[in-house]
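Just below is one structure, and these are the notes that go with it.
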Amino acid sequence: MLLVTCTPDRLNFSYDAMELHRRLGCRVDTYALTVDDGCGGTPYIMDMAYRMIRSGAVNTVAVIGSACTSALIDRNVWCGEVSHTPGRKPLNAAFGMYVFGDPAGAVILRADPDPKLGIVASLSGNDYQELVVRRGGGVHERLYGKSSAAEDAFVIDGQLVARSYRVFMKRCLNDVLASHRELTDEVKRYYFHQPNKRLLDHFVADVGLPADRVACNVDRYGNTSAAGMLVLLAEDLEAGVVTLGSGDLVMIAAVGANVHYGAQLVRL
């Protein structure tokens, strides 16, 4: 069980994953780890789980994405500024206060003898760009003695996010389809990370995807971080847009803070 979140109830010792382990009554030999990650973390960790399953090391993995930013909102924190790159003006935290929603989603991955269904292709990757700044906590910036209350906020570098989103999302699309070009037109739905609707719409138009195949809920919930793609998929399953066991081909892709990115091509 791998829980992906950047807003755990408690910071240390995989507390949130262990609490889920307790509540679900999992076996003692079931892994329970909290992974500190944001918007790109779910497909990134799904790729890791996929590789673990293919290796035969494990049979079943639950990947859970969640975020609960509203519980952290404090005007004194989110109206402050943090210094960033030398030569640039400080970043204001207020933007982030209005961006994030409170979501949760989960997917169960398991070894399956039926090769017709499941993950067709998967990838993950890293880069090093501070898309989101959060300095509160850790040895470098301890919980006490901070220079600014805003160091407790998730401070978004909006310009950098806008520039990098297209680059990494396009990399996800190209690389996950690299050995399956013949399946491109068969993809029925796309479940992308959605920083905001404007960025999503511009990206979809830029790469020439059919807009009606790209699921969207950022205009209703805001940026749903690590859970976003799983929430989109769950909504489509509930509405009957796609169906488990049908063979519908879908794509999941995301990029997130600092930078993790990942993508899966999945036959449901």
Original post:
How big is the antiparallel share of DSSP beta bridges in the chain, given as a percent to the nearest 5?
Top reply: 65
**OP:** Determine, for SER179, SER66, SER83, the number of other Cβ atoms within 10 Å of each Cβ, and report the residues in order from fewest to most.
**Re:** SER179, SER83, SER66
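Taking neighbour counts of Cβ atoms within 10 Å as a proxy for exposure, in what order, fewest first, do PHE95, PHE100 appear?
Final ranking by Cβ density, sparse to dense: PHE95, PHE100.
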Original post:
What spacing in nm lies between the two simple spin-label points modelled at CYS79 and ARG110, each 7 Å away from Cα in the Cβ direction?
Top reply: 5.2
**OP:** Within the stretch 49-65, find all residues whose amide N lies under 12 Å from a label point positioned 7 Å from the Cα of TYR31 along Cα-to-beta-carbon.
**Re:** 49-63
Original post:
Amide H to amide H under 5 Å from ALA215: which residues, 5+ apart in sequence or cross-chain, H placed 1.01 Å off N in plane?
Top reply: TYR190, PHE192
Original post:
Once the principal axes of the Cα atoms of the chain are found, what is the range along each, listed largest first in whole angstroms?
Top reply: 56, 48, 31
Original post:
Quick one: if you stick a label point 7 Å off each Cα along the C-beta vector at ALA205 and ARG163, how many nm between them?
Top reply: 2.2
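Arrange PHE154, PHE203, PHE13 by Cβ neighbour counts within 10 Å, fewest through most, would you?
Numbers: PHE154 24, PHE203 19, PHE13 9.
Ordered by Cβ neighbours within 10 Å, fewest first: PHE13, PHE203, PHE154.
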Original post:
Between ALA254 and residues 5 or more places away or on another chain, which pairs have amide H atoms under 5 Å apart, with H built 1.01 Å from N, and which residues are they?
Top reply: HIS193, GLY262
**OP:** First check a/c for the stretch 111-268, with a ≥ b ≥ c the square roots of the eigenvalues of its C-alpha gyration tensor; if it is under 1.5, answer rounded, and if not, answer prolate when a/b is larger than b/c or oblate otherwise.
**Re:** prolate
Subject >> Per-pair calculated FRET efficiency, R0 = 25 Å: THR60 and LEU183 via Cβ, rounded to 0.05 >> reply: 0.45
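Rule-based calculations on the coordinates, nothing more; no lab input. Please read these numbers as outputs of a predicted model, since none were measured by experiment. Note: ideal-geometry Cβ built from the backbone for every residue, glycine included; neighbour counts use all protein chains shown.
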